[in-house]
1. Any chance the range C:95-109 includes a residue that's more than 8 Å from chain B (Cβ to nearest Cβ), within 30 Å of residue C:42 (Cβ to Cβ) and either outside any loop (DSSP other than H, G, I, E, B) or of a type in the set (S, T, N, Q) (or both)?
2. Being out of contact with any strand residue (DSSP E or B) (no Cβ under 7 Å at 6 or more places or on another chain), modelled with pLDDT of 75 or more and closer than 30 Å to residue A:210 by Cα is the requirement here; does residue A:105 meet it?
3. Inspect the range C:258-270 for any residue being hydrophobic (A, V, I, L, M, F, W, C) and either surrounded by 14 or more Cβ atoms within 10 Å (Cβ to Cβ) or modelled with pLDDT of 65 or more (or both) and give the result as yes or no.
4. Quick one: which residue in C:126, C:131, C:120 is assigned to a helix (DSSP H, G or I) and modelled with pLDDT under 85?
5. Being of a type in the set (Ser, Thr, Tyr) and out of contact with any Phe, Trp or Tyr (no Cβ under 6 Å at 6 or more places or on another chain): is that true of residue A:121 here?
6. Any residue in the range C:238-245 that is farther than 16 Å from residue B:9 by Cβ and surrounded by 20 or more Cβ atoms within 10 Å (Cβ to Cβ)?
7. Quick one: count up the residues across the range B:262-271 that are assigned to a helix (DSSP H, G or I) and surrounded by fewer than 21 Cβ atoms within 10 Å (Cβ to Cβ).
8. For the list (1) within 11 Å of chain B (Cβ to nearest Cβ); (2) more than 16 Å from ligand 1 (Cβ to nearest atom), I need the number of the one condition that residue C:204 fails.
Amino acid sequence: MLSSRALRQVVFAIVTLFGVAVVSFVLLRVVPGDPIAMMIAPGASAEDIARLRAAYGLDKGLVAQFVIWLGHALTGDFGTSISMRQNVVHLIAGRLPATIELTLTALAVGLALGIGAAVASTLGTRRLIGSTVDNANGILLAVPDFVWALAFVLLFGVAWPILPISGRVDPRLAIDFTTSFLLIESLLRLRLDIARDVLAHMIMPAMALALPLAAVILRVLKGALESEALRDYALLARIRGASRLRVTLRETLRNAMIPTLALTGVQFTFMFGGTVIVERIFAYPGIGNLAIDAVINRDLPLVQGLILTFGLIFILINLAVEASFALLNPRLRHG
Amino acid sequence: MVERALPEIPRLGGSVAHRGMPSWLKGLRREPRVVVAGGYLLLLLLAAIFAPLVSPHDPLEQDLMLNTLPPAFSAGADPGYVLGTDSLGRDIASRLIHGARVALTVAIVAALAAGAFGTVLGLLAGYYGGWVDAVVSRLIDIWMAFPPVLLSILLVAMIGTGLTSVILAIVIIDWTRFCRVVRSETLQQTRMDYVDAAVVLGRSRWTILTREVLPNVLPVVLVLLSLEMGIAVIVEAVLSFVGLSVSSDMPTWGGMIAEGRQIIYHGWWVMVFPLSLLVLTVLAFNQLGDGLRRLTDPVMRR
Amino acid sequence: MSPALLSIAGLSARLKRPPHTPLLRSVDLEVAPGEVHGLVGESGAGKSTIGKAILGILPGAIELAGGTIRFCGEDLLAMPAGRRREILGSQIALIPQDPMTSLNPSRRIGDQLTDGLRLKRGLNGKALEDKAVSLLRDVQINDPEAVLRRYPHELSGGMRQRILIAAAFSMDPKLIIADEPTTALDVTVQKEVLRLIRSMQASHGTGVLFVTHDLGVVAQICDRVTVLYGGMIVEQGATADVLAAPSHPYTAALMAASPRHDQTGSGMQPIPASLTAALQGELARHGLERVTHA
Ligand SMILES: Nc1ncnc2c1ncn2[C@@H]1O[C@H](COP(=O)(O)OP(=O)(O)OP(=O)(O)O)[C@@H](O)[C@H]1O
Ligand SMILES: [Mg+2]
């Protein structure tokens, strides 16, 4: 059953999405330049232009334009991409699975690395180890995904060429899948050759996205674990003879994960931001790469569609974080 | 009776005096990273300012006969081109130095503007409270609900490319970083009793805000400024990498990296040098900010 | 008895927002020139609220609901703001509770000590510096020239409190509000600071409203005492009389509960529950709820 808390969050999510739609719509309409002039081929007749104007309601006020646009949007029609001459929804839907697979992989890797390093750092007792980890992490925190991506290209693409540096899958592989979730579908169909190739293409961009996340998780979780370890229940467990590792895994990690999780949610939304540049570097065919093309070509319908897509993703992530809070924190479960 | 119940009053002071080195100098010895990072950034700034004087070549001068020359330490190099040339035969070292101009302009202008705007709003919200605080806090909430990527895509799509757009985008997105911190810091300072003491003395609210509270908030702003400059350098590099920053006839680190990415198999150095300089600069801003935080923190808050 | 320096009559205060919880209920209190008047009561009784009302620095959430505060016969609450500003800081000064937060961490001791002299007396230059040095000498601080150039974090808590005392006396005020000036200090330093206040007060002939929750402290330096409970006065009189024969059971309980400064070894006793209940009843009769800390 949906609790009132959850209900409130869903309502809030819908309101936020609507807000994003309004704001982006208004901002994109005040862009200097005539959207119609950009939409059609040079040399179109004056009638053609007038017809298009009427179709988009551009001869009416901003509110009327928004209502027309919203009406279309609610039926799943976000217009046609100007630069690619394709339905915006189809375009985005075709690229989205690539980005979802990439970011989920990166999230898993980042969580594993960050949590693993944080737990490992609680095992050492020496101050020196702690401060070395802190200093190294201070540098890790400063290095953005952009730099990691390029460094990987140099290291594993050029200096020691073991991984492909562009694309999502080798075009020579004959792929006749029903979805664009290549990794998931290849695993389900047990086409391990394809899965292997997709993974090889994904490792570097995923690592570039995962490392900054791991650095943030490490810092916050390490701090939380350290302060939890000083609490009475953890000390009691130690007195009862549990090892450091056991205390961390059984007692403190669960509590320390709560602040970490909130942060992971925020960082995961940032990771979608990172896909914009990382996908570009690896010529990876996701929505981040698409967004740059859209902006460079000033393809306003596509930009608008992408902004809503990103907005929706961010809202879903926030909802997921809220839900996992409830799972981790028993006090919130019956709220 | 009163006199008997109380002890003699001992004299205090004198012994706590530590003379000699001023405390900020001592601090620098404790945080050498501030000196190293600050020194590097100062050098970079000087190189950027005097770029035409210190560059060995014109950064735009092409010489296709001399294209993709390797750096001076490897075979087949031309000693006139220390870091080699790019695919159009332009001198990489000179382009790096000129690229520092764009990077540092964006870093300094964007960070100062975002810092000034966020700090003023944060101070007002934290000090005056009430509806001012309510308005500013809501504004921050709304801003934070808009993830930075979304906002930057929207902004660049709206205002187009160019140096001013890049700076404007950074300011519009990042002023909240300053505002949030300054607001809570001001709130904390305003609760201190020294503010009450100043009120009793009849100082005006404005004087208290600018003379008493602001100096206590400034160290934090300084730290944030340094970190923000690092962020701005990255943002500029990323935008020029994808071709959304300044026009292509002005050398930028991001643009050079993009060119290097194209010919990565023929000339790794074309990408490696600008990338290294970028990383170094970002790390320097970060370490400077971190060092400043450690320097100002224990002293000011004790 | 000499004419009152400070005369508070019927002072009431409450929370600004509903439910308008009363914080002070018709408080009457007088401080004579040169007298140290103790204001005691447990935490939350409203002691600081009285002090802040006099100084005009009540927090925004609290408002006055009636009464007068007369200083040398003039009503502080009714006078024009300009006149009030003249009086505050120069004729009425404050010794705050916490020497850690009462000095601005980013300003030098010298600047902060002389704020009043510069703002209210127009002193500057050499005259100001000489005055600052002699102020620090008065509070028994060695090497005052060096201390003036220090920042607060470079000094101990006891030294900071002495500097705040010097600042309060710098204007030669007629009245000083001392809000628990020793609670933030450790016990030995407390006694030194008490003695310092007492001797400075005696030599300047200053009236002091001394806020504390410690009857032991009252016994040591106060001439008269007012006992406050839940924003209401339960007992008032000469210190010796009140302490020798408390007329109100709350005072007696407070005495039993406070650590004795003159004899060691006697343990503190908690205020008995029966008394608390009786007091609640008394408050209820006055239409006043006890304000409890959340
Ligand atoms: N800023 C504020 N907002 C709302 N209520 C307040 C505020 N400051 C004080 N109060 C309330 O006013 C009442 C009296 O507080 P006051 O500070 O005068 O007590 P006190 O006797 O000085 O106690 P203490 O010994 O703890 O200093 C308390 O119940 C407190 O909760
Ligand atoms: Mg108090």
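The values are calculated or read from the model by the stated rules, or taken from the named source; none is laboratory data. As the structure is a computational prediction, the values presented were derived from the model and not from experiment. When we count neighbours, we look across all protein chains shown, and the Cβ atoms used for this are built from the backbone with ideal geometry, even at glycine.
1. Yes, the range C:95-109 contains at least one residue that is more than 8 Å from chain B (Cβ to nearest Cβ), within 30 Å of residue C:42 (Cβ to Cβ) and either outside any loop (DSSP other than H, G, I, E, B) or of a type in the set (S, T, N, Q) (or both).
2. yes
3. no
4. C:120
5. Considered against the rule, which asks whether it is of a type in the set (Ser, Thr, Tyr) and out of contact with any Phe, Trp or Tyr (no Cβ under 6 Å at 6 or more places or on another chain), residue A:121 comes out as yes.
6. So far as the range C:238-245 goes, yes, one or more of its residues are farther than 16 Å from residue B:9 by Cβ and surrounded by 20 or more Cβ atoms within 10 Å (Cβ to Cβ).
7. The number of residues fulfilling the criteria is 3.
8. Among (1) within 11 Å of chain B (Cβ to nearest Cβ); (2) more than 16 Å from ligand 1 (Cβ to nearest atom), residue C:204 violates only (1).
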